[in-house]
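Engineer: Got a structure for you, written out below as structure tokens; questions coming shortly.
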Amino acid sequence: MVDPVVPPFLAVLAAALVVPVLGRRGGHAVGLLVTAAVVPYVWLVPDGAHIQTLLFGFDAVLFNVDGFSRLMGLVFGFIGAVAVLYSWASGADERQTAFALGYVGTSLGAVFGGDWLTLIFFWELMAVTSTLLVWHYGGRAVRAGFRYALLHGVGGTLLLGAVVWQYVETGTFLFTGEGLVGAVAPILAGVGIGVNVGFIGLHAWLPDTYPRPHIAASVFLCVYTTKTGVYGMYRAFPEGELAIAYMGALMALFGASMALLQNDMRRLLSYHIQSQVGYMIAGVGLGTALATAGAFGHVFNHILYKSLLFMTVGVVIYRTGEEHLEELGGLWRRLPLTAVAFLIAALSIAGFPGFNGFVSKGMVLGAAHKEHYDVMWYLLLAGGVGTFLSFIKLGYYVFLHGEYDGDVRPANAGQKVAMVAVAIPCVAFGIYPPALFAILPDVGSFEYTTFTVGHVAEGLILAALGVVGFVLLKKPLGKVGRVPDVDALYNRAGFYGTRALVVGVTGCTPPSTARPSRPPRGSPRRSATRPPPSRASASCGRSRATGRPTATGPPGTSTCVRASGRACCSSRCCWWSRCWCSSDRRALSLSPSRSRRPPPTERPTASAPNGAIRPVTPRQRVYTNQAGRRRTGHPAWPSARPTRPRGPPDAHRNALTRHPNRRRPARAGAVPARRRRGDGRAHGGAGGAHRVARRRRGRRLARGPPAAAFEFTYTAVDDGYRVTVTHAGGDTVAAADGGRSRWSRRPASASASTTASSPGTRRPSARRRRCRRTRSSGSSGRRPADGRGCSRPTERRRSRPRPRDRAPEPRGDGAPSAS
Amino acid sequence: MTEITSLRPLAAVLVSAAVIVPILLSGNRPNLRESWTGLAALAKFAVVASMVPAVLAGDTYVTDLGEFLPGVRFALEADALGVLFGLLASLLWIITSSYSIGYMRGLDEHNQTRYFAAFAGSLSAAMGVAFASNLLVLFVFYELLTVATYPLVAHDETDEARAAGRKYLAYTFGGGVAVLAGTALVYWLTGTVAFTPGGIEALTGADPLFARLAFALLAAGFGVKAALMPLHSWLPDAMVAPTPVSALLHAVAVVKSGVFGIARVVLDVFGPDAVADLGMGLPLAAVAAFTLIVASVIALRQDNLKRRLAFSTVSQLSYIVLGLAVLAPTSLVGGLLHIPAHAFMKITLFFAAGAIHVETHTDDISDMAGIGRRMPLTMTAFAVAAAGMAGIPLVAGFVSKYFLLIGSVSAGQTLFAVALLVSGVMNIGYFWPVVYTAFFETPEDSDEKPLIEGPLGGRFAWGRAAVAEADAAGGDAPSDAVADGGHAADGHTDAHGHGDGHAGGWERRSWTGGESTWFMLGPILAVALGSIVLGIVPDGAVFLRVVRLVVAGVTGVTV
């Protein structure tokens, strides 16, 4: 076949390049057309079409059409088009969609590659483009995206290693139809692809990354990476591999169980990706004709219903701004079509008879049963029960439970079209399975009847178990807080391990600190009075703030001490050993982090009620201890790092900021935005989360504050002590009274604050669950136990620094200027 | 294969030396002075490029200037390996010349005449290294290169620059002594020092002990400039030089002259077979593997962008040395191909760092949050090159790394393949934070850089807390914590606006070149494009063909 075929990824990648310059409307239109065109194109290109070429001097097949790649191409193109439409409707900007199209294009390239070189080429590019898609959202997504990139870098590297070993073994990169051979390549590929498909232990990127970006980005993400992984797994192990099959079965159960414990909607769905991919991996691992067909059927179906799920949940987030189940409920009246779409998708993913998931999941189950892998069969069945359970939970708490008080508008037209377009095939393939079988790749003959009494009964029993299980588990599940996953372990291990490794290699003094200060190049005069060095190049004996030698000693001679006052192990100053130049007060004051505000001209005056008025500098804390003595320096307590209020889930901020038509449920006064009818508790699931949050806050408090920003006045009062936290500008921010850990937000004295006001009147509509809980659990009328935790600014918290209303500040030294 | 007697190799060497005098004479007229540089760069490239077709056909150009020492000719010979290096250096000199103009004028640097003159001299020496026909001539130009680049390293005339310059001289002259000793030893063993593809035959029959000693001396001597650990420490310090110097010399010409010397020793003095017989490949590869891992680890901790790039250079140079030391034909291709691949990528990164410095006076990565708004094209080029460094496809690094991996695995050196793979992941670890901080973070919403310095999870430990607190406490009241995360003038207190304009986020500049002068943007985009071209059609770009030719000539195996 030497027809002039064009690989479809070229068109999509070209679209990705032009979309940013076409504007939002035009860009999305182009993206929609191009991805939609992939579907008929892939359908019409004959089997066996391929483009043979030389890549870096190796034989390569850039484009290869067989049953497997056609199936992947069809559904990738279709969902790509739907997701572009959904992006447009959900307010994604054109650049995000350009990244998404790049992601779609590279995924298409990966599944249409006819050799390992092309596959790994696009595989790695896919990791990059998906990372960009996550990063584009900013905020919390950035760091998660970096973790994602690192993990996929490792995975891609392992697969690259496998490909190299395969080449050395066989002398060619082309698919031989036998998968990977040799001793090393299959193992490397298994683990490398295992990252992409979310093997247990390698899966934590899924729930870490997918809930964070834009709602439309999640729709893209949930489709391509994992399914390309399944495809790659098949290419690597076309004959199957029992260990992988068992891993798949375990994934099915593990993912569903973890999903059941989640309260963040998209996190729950992310665990279900792992669970469902487990079925596919089990199918691929079993390797029989029925199992492979079932696996690819499940790939196809899963992409449909999972993207539909992410779309429905996205609509909920888009319209309510809430990500957590605790915040939601009773939405079916307000989002009827979304609720129906969710129902279809949930029944599909759970494998209810008559929906598409039933067909393909049944095939995998049937294959496992037929081959008498009973353990695997039971694992997969248990995964099915878990799926039912968690989707009953999700649907119940989003659409049924209680009633939503706020004003929620239904999904907009574009979103509706996108959801309906995907919901229809979910039902159609479920009712008429031969349509699905027609597009499955030719894997040899197998016999499978979808609607037998046994299969239907199996589906119904699973559903019944799910309902019963939910009734039983509803209360215990409500008590579950955030469940840590393995990433809690390996993030720490990776971070501290890297830190230890780097410090072990580079020594205690970071080279950037030991280095003589290098002035910015290009100073017009090169005189002896060098401009002070930048922060990173300050060395011991120089104030980190000013770069000038500090008063306690000439450069290099000041001693190193720990913040606690203990002597250091060495004479070198080092963040690792928590040793700092004794001359460097700011570094000593507990915060080695970057505190770079220039000192103000006027020293603020902290006034405490008992008259302990004293000018303070940003670098020095003045406090009076319990004995009434005035102390300067860095008390071990109070280390009142300002706590972060449980912020709004920032994942929906685009929707918040860009769509004025979305209304928040705003109510005046301290009345909670939404109140549930129903049981007295606001929500069963909140208890555990609340406790966890409190523990976290405690930990946060134990660390130091950003030193320059706040001062602490520590005063003895009648029955104990009072700590006043004062803003560097002079405003009292918070005060805490003796012994009680309660923080009140009222100004400590009338004169101290002009701007801080009671949170009760400030942002009433934005109070969080914690406030509501406090109130609804019988303490209404009382100030919430944690006023701080309950206040939530409604806008995206990226405020600009204020306009400089103070006089220009003297550069350099932080010496106080006022008396 | 025929030897064509021609003056072209000599012309390639001398053309830039010849313009030193006009450059010095026209010091008062900067435009005229720079046009001399541009002229020489173009002429040099034209001369080298004119030799490429015949070299690809298997011929060599020779200029014989007579007897240098008894038995040693002072001859310049443009063979495939020499053309690889010469073509690369002369091509990138054109681009760097333009960049130098933008950079030096942008900063209003002092002593620009000396700078351009020394630059031209360095290129002459580099070309001499490329076209030396025997070890002794190579040694001469190798030392000349050190001398010519010293004024560039010490250009700042600060104490730090002088110290770096002294260190540079001490290291590289020390290396030169080792090279000379090795050369003498080779001469003593074989009676010749001329390069012979596949190695000097007499060496195979020589006393293995002395042959090993000669190899060790030569490898160590050249290893200084190739920044093999523990001889690397001059390189990060030399980053005190102006950025174009770091870019062309410390990413391409000087360091590559060390690598090139090792390539000559392995391929043309000893020959891969003899090196394998002597058992010297493995130790060299081990040193290289150690260097590439440890340098990556150190790079993780650098906050100063140029220093991070310097350690990245140390690491990537060892890719090349590793490829040469593994001795398998595919790995030789990978190693030699990494010379141009790394050159294009790293020069992109350095150019970007320099442009950032000129435009915003920002040197530290932790100050670069959101700088993608200010310098979109520059940072895009940076991102492309950074991806290439990590071995992401479409960029040059992928191809050479691929060859290196295949070579290492097929030679059975699994450990080295693992080292390469690990280093690739570490490249992601130290380059991509720069990319994401530039494009996807803002000054008030960024995590700590280097990442390992901050608390786990970056900003969320307190950065946001402080922001939120300030926000919640004061509404629109002063939010010092916000400024804390940003760019208030900590030490950037010099008079010329260090840190200006980005206290509250970077201003947005257009994608059409509003960010800088085209004197710098043009080179940046050109080299970024070059690294992509090398990554997609390495055969179309002439370099891979030359590399294949070199390896075929040495090993007889067509890769």
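Engineer: From the list B:Val21, B:Val52, which residue is in contact (Cβ under 8 Å) with a residue 40 or more places away in the chain, among the β-branched types (Val, Ile, Thr) and not in a loop (DSSP other than H, G, I, E, B)?
Structural biologist: Testing whether each residue is in contact (Cβ under 8 Å) with a residue 40 or more places away in the chain, among the β-branched types (Val, Ile, Thr) and not in a loop (DSSP other than H, G, I, E, B) leaves just B:Val52.
Engineer: Residues being assigned to a loop (DSSP other than H, G, I, E, B) and either under 20 Å from B:Val537 (Cα atoms) or in contact with a strand residue (DSSP E or B) (Cβ under 7 Å, 6 or more places away or on another chain) (or both): count how many of those fall in segment B:319-342.
Structural biologist: Total meeting the criteria: 0.
Engineer: I'd like to check something: does segment B:354-372 contain any residue that is open to solvent by less than 10 Å² (accessible area, probe 1.4 Å) and closer than 26 Å to B:Phe260 by Cβ?
Structural biologist: Scanning segment B:354-372 turns up at least one residue that is open to solvent by less than 10 Å² (accessible area, probe 1.4 Å) and closer than 26 Å to B:Phe260 by Cβ.
Engineer: Same structure, new question: State which residue is nearest to B:Thr192 (Cα to Cα) when the search covers only segment B:58-67 and only residues that are of a type outside the set (D, E, K, R) and open to solvent by less than 80 Å² (accessible area, probe 1.4 Å).
Structural biologist: By that ranking, first place goes to B:Gly66.
Engineer: Would you point out which residue out of B:Ala40, B:Ala78, B:Ala117 is open to solvent by less than 20 Å² (accessible area, probe 1.4 Å) and touching a Phe, Trp or Tyr at 6+ places or on another chain (Cβ under 6 Å)?
Structural biologist: Unique residue meeting the criteria: B:Ala78.
Engineer: Still on this structure, I have one more. For segment B:1-57, give me each residue that is within 22 Å of B:Arg548 (Cα to Cα) and more than 28 Å from the chain's Cα centre (by Cα).
Structural biologist: B:Met1, B:Thr2, B:Glu3, B:Ile4, B:Ala57
Engineer: Looking only at segment A:21-40, how many residues end up being open to solvent by less than 50 Å² (accessible area, probe 1.4 Å) and more than 25 Å from A:Asn64 (Cα to Cα)?
Structural biologist: Residues that pass the stated criteria total 6.
Engineer: I'm trying to understand the selection: among the residues of segment B:374-385, which are within 12 Å of chain A (Cβ to nearest Cβ) and either open to solvent by 20 Å² or more (accessible area, probe 1.4 Å) or of a type in the set (Val, Ile, Thr) (or both)?
Structural biologist: Of everything in segment B:374-385, those that are within 12 Å of chain A (Cβ to nearest Cβ) and either open to solvent by 20 Å² or more (accessible area, probe 1.4 Å) or of a type in the set (Val, Ile, Thr) (or both) turn out to be B:Thr380, B:Ala383, B:Val384.
A quick yes/no check of all residues on (1) outside any helix (DSSP H, G or I); (2) within 13 Å of B:Ile293 (Cα to Cα):
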{"position": "B:Ala387", "(1), (2)": "no, no"}
{"position": "B:Ile392", "(1), (2)": "yes, no"}
{"position": "B:Ser400", "(1), (2)": "no, no"}
{"position": "B:Phe403", "(1), (2)": "no, no"}
{"position": "B:Ile406", "(1), (2)": "no, no"}
{"position": "B:Gly412", "(1), (2)": "yes, no"}
{"position": "B:Leu415", "(1), (2)": "no, yes"}
{"position": "B:Ala419", "(1), (2)": "no, yes"}
{"position": "B:Ser423", "(1), (2)": "no, yes"}
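Engineer: What's the number of the only condition in (1) assigned by TED's automatic domain parsing to the domain that holds A:Leu132; (2) touching a Ser or Thr at 6+ places or on another chain (Cβ under 6 Å) that A:Leu202 fails to meet?
Structural biologist: Unmet for A:Leu202, out of (1) assigned by TED's automatic domain parsing to the domain that holds A:Leu132; (2) touching a Ser or Thr at 6+ places or on another chain (Cβ under 6 Å): (2).
Engineer: Another question about this same structure. Among the residues of segment A:135-159, count how many are within 7 Å of chain B (Cβ to nearest Cβ), under 21 Å from A:Val181 (Cα atoms) and open to solvent by less than 10 Å² (accessible area, probe 1.4 Å).
Structural biologist: 0
Engineer: Looking for something more than 18 Å from A:His302 (Cα to Cα) and in contact (Cβ under 8 Å) with a residue 60 or more places away in the chain - is there at least one such residue anywhere in segment A:420-438?
Structural biologist: No, segment A:420-438 contains no residue that is more than 18 Å from A:His302 (Cα to Cα) and in contact (Cβ under 8 Å) with a residue 60 or more places away in the chain.
Rundown of residues vs (1) assigned to a helix (DSSP H, G or I); (2) hydrophobic (A, V, I, L, M, F, W, C); (3) within 19 Å of B:Val193 (Cα to Cα); (4) open to solvent by 10 Å² or more (accessible area, probe 1.4 Å), yes/no style:
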residue: B:Ala211; (1), (2), (3), (4): yes, yes, yes, no
residue: B:Ala214; (1), (2), (3), (4): yes, yes, yes, no
residue: B:Met229; (1), (2), (3), (4): no, yes, no, yes
residue: B:Val245; (1), (2), (3), (4): yes, yes, no, no
residue: B:Phe260; (1), (2), (3), (4): yes, yes, yes, no
residue: B:Val265; (1), (2), (3), (4): yes, yes, yes, no
residue: B:Val269; (1), (2), (3), (4): yes, yes, yes, no
residue: B:Ala274; (1), (2), (3), (4): yes, yes, yes, no
residue: B:Asp277; (1), (2), (3), (4): yes, no, no, yes
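Engineer: When the residues of segment A:168-206 are filtered to those that are open to solvent by 50 Å² or more (accessible area, probe 1.4 Å) and part of a helix (DSSP H, G or I), which remaining residue is nearest to A:Asn64 (Cα to Cα)?
Structural biologist: Step by step, filter segment A:168-206, then rank; the result is A:Thr170.
Engineer: Which count do you get for residues in segment B:285-306 that are open to solvent by 10 Å² or more (accessible area, probe 1.4 Å), in a helix (DSSP H, G or I) and within 7 Å of chain A (Cβ to nearest Cβ)?
Structural biologist: So the count comes out to 2.
Engineer: Evaluate segment A:242-249: report whether one residue or more is surrounded by fewer than 24 Cβ atoms within 10 Å (Cβ to Cβ), aromatic (Phe, Trp, Tyr) and not in a helix (DSSP H, G or I).
Structural biologist: Within segment A:242-249 (the criterion being surrounded by fewer than 24 Cβ atoms within 10 Å (Cβ to Cβ), aromatic (Phe, Trp, Tyr) and not in a helix (DSSP H, G or I)), the answer is no, since none of the residues qualifies.
Engineer: Also: Go through (1) free of Cβ contacts under 8 Å to residues at least 12 places away in the same chain; (2) surrounded by 24 or more Cβ atoms within 10 Å (Cβ to Cβ) for A:Thr118 and report which single condition fails.
Structural biologist: For A:Thr118, the exception is condition (1).
Engineer: Among the residues of segment A:315-351, write down those that are part of a loop (DSSP other than H, G, I, E, B) and of a type in the set (A, V, I, L, M, F, W, C).
Structural biologist: Residues satisfying the conditions are A:Leu328, A:Leu331, A:Trp332, A:Leu335.
Engineer: Say whether the condition of being under 27 Å from B:Trp506 (Cα atoms), surrounded by 24 or more Cβ atoms within 10 Å (Cβ to Cβ) and modelled with pLDDT of 90 or more is met by at least one residue in segment B:324-345.
Structural biologist: yes
Engineer: Same structure, new question: Filter segment A:466-493 for residues that are open to solvent by less than 60 Å² (accessible area, probe 1.4 Å) and either within 14 Å of chain B (Cβ to nearest Cβ) or closer than 23 Å to A:Gly395 by Cα (or both) and give the result.
Structural biologist: Hits for segment A:466-493 are A:Gly466, A:Gly469, A:Phe470, A:Leu477, A:Gly478, A:Val480, A:Gly481, A:Val483, A:Asp487, A:Ala488, A:Asn491.
Engineer: Further, regarding this structure: If you go through segment B:366-373 one residue at a time, do you hit one that is more than 7 Å from chain A (Cβ to nearest Cβ) and at positive phi?
Structural biologist: Within segment B:366-373, one or more residues are more than 7 Å from chain A (Cβ to nearest Cβ) and at positive phi.
Engineer: For segment B:400-438, enumerate the residues that are more than 7 Å from chain A (Cβ to nearest Cβ) and within 10 Å of B:Ala369 (Cα to Cα).
Structural biologist: B:Val434, B:Val435, B:Thr437, B:Ala438
Engineer: Residues A:Ser107, A:Ser69, A:Ser87: which one is at pLDDT below 90 and open to solvent by less than 10 Å² (accessible area, probe 1.4 Å)?
Structural biologist: Selected residue: A:Ser69, the only one of A:Ser107, A:Ser69, A:Ser87 that is at pLDDT below 90 and open to solvent by less than 10 Å² (accessible area, probe 1.4 Å).
Engineer: To continue, here is another question. Does A:Leu132 fit the bill of being open to solvent by 10 Å² or more (accessible area, probe 1.4 Å), at the interface with chain B (Cβ under 10 Å from one of its Cβ atoms) and assigned to a helix (DSSP H, G or I)?
Structural biologist: So A:Leu132 fits the description; yes.
Engineer: Sort out which residues of segment A:328-384 are on the phi > 0 side of the Ramachandran plot and touching a Lys or Arg at 6+ places or on another chain (Cβ under 8 Å), and write them in order of number.
Structural biologist: Within segment A:328-384, A:Gly329, A:Gly330, A:Gly351 qualify.
Engineer: Report yes if some residue within segment B:135-153 is within 14 Å of another protein chain (Cβ to nearest Cβ), touching a helix residue (DSSP H, G or I) at 6+ places or on another chain (Cβ under 6 Å) and at pLDDT below 90; otherwise report no.
Structural biologist: Yes, that holds for at least one residue.
The values are calculated or read from the model by the stated rules, or taken from the named source; none is laboratory data. Here the structure is a predicted model, which means the values were calculated and not measured. Neighbour counts are summed over all protein chains in view; Cβ atoms, including those assigned to glycine, are modelled from backbone coordinates with ideal geometry. Please note that ligands, DNA and RNA were not included when accessible areas were found on the heavy atoms of the full protein model with its side chains. Shrake-Rupley method; radii C 1.70, N 1.55, O 1.52, S 1.80 Å.
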